[in-house]
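Input: a single structure, listed below in structure tokens.
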Amino acid sequence: MKAINTIAALLFAAFTASQLQADSEYPIRPPDQVIQRDVDEELRSLIHRIPAAVEARVVAGEVTLQGGVSSFLDRMRIGRRVAGVEGVSRVNNRLRVERMPVRTQQRDDRTVDRRDDFADLSKKQPAGKHTLRGMIDSKREGMLVVRDFRAGRSEVAMLDATEVTLNGARVDGDQIDEGLLVFIRGRRDGGRLVAASVEAYSPD
């Protein structure tokens, strides 16, 4: 009987230890109500500095952002901050960039000027170097899909060594997002371009 009790105690101890290890490796995600509260608080802290009408909805840890902001930089900033909230597993950033109508012609002129600048830059590249200019259509980890102004969509691989700038300032690759104008230099690898440098500009 004593031996049976000893075996039972050992089995219970082993089971408890395995449960503790599993809990540490796979932490319990907070309930959606808690995540929603924390996301709303994060948005309220941002709205003081960013003119925006933003709504967030949380389902199974996945946050969907909807509404309007005044610039692409604000859109990216809000998405990054929400992604950092505890329990958030994914952010669907559906924020629209809304600009003042009176600035439309000026913005269009600047966009055309930048496209012309990109064309001039590409003409100056040495032989053997590949370039791409266009707008970021979509983004996933380590990869951009760029809508080329002439040739349609192209895939661009970004490496840790890829030099990335946004409006002239050096940034990390995760700080550029859909809708930005880009000028990319790199080399061809199969059907995609491996970027050595990415120059990104917000159209507004």
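Values as computed for the structure displayed
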item	result
Single match in D113, D117, D137 (criterion: surrounded by 11 or more Cβ atoms within 10 Å (Cβ to Cβ), modelled with pLDDT under 80 and not assigned by TED's automatic domain parsing to the domain that holds Q36)	D117
Leading residue by the ranking (nearest to the chain's Cα centre (by Cα)) among those in segment 156-166 that are surrounded by 13 or more Cβ atoms within 10 Å (Cβ to Cβ) and within 16 Å of G190 (Cβ to Cβ)	M158
Among residues of segment 148-204, those that are outside any strand (DSSP E or B), closer than 25 Å to N92 by Cβ and polar (S, T, N, Q), counted	2
Residue pairs meeting the criteria (Cβ under 9 Å; at least 6 apart or on separate chains; first within 14 Å of I184 (Cα to Cα), in segment 132-144; second among the hydroxyl-bearing types (S, T, Y) and surrounded by 15 or more Cβ atoms within 10 Å (Cβ to Cβ))	L132/S122; L132/S154; R133/S122; G134/S154; L144/S154
Pairs with Cβ under 6 Å, 6+ apart, first in segment 182-204 and at negative phi, second of a type in the set (F, W, Y)	F183/F118; E199/F183; S202/F72
Some residue of segment 35-57 being surrounded by 14 or more Cβ atoms within 10 Å (Cβ to Cβ), modelled with pLDDT under 75 and not in a helix (DSSP H, G or I)	yes
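The values are calculated or read from the model by the stated rules, or taken from the named source; none is laboratory data. Computed from a prediction, not measured in an experiment: that's the story for all the values here. So basically every Cβ, Gly included, is an ideal-geometry build from the backbone, and we count neighbours across all protein chains shown.
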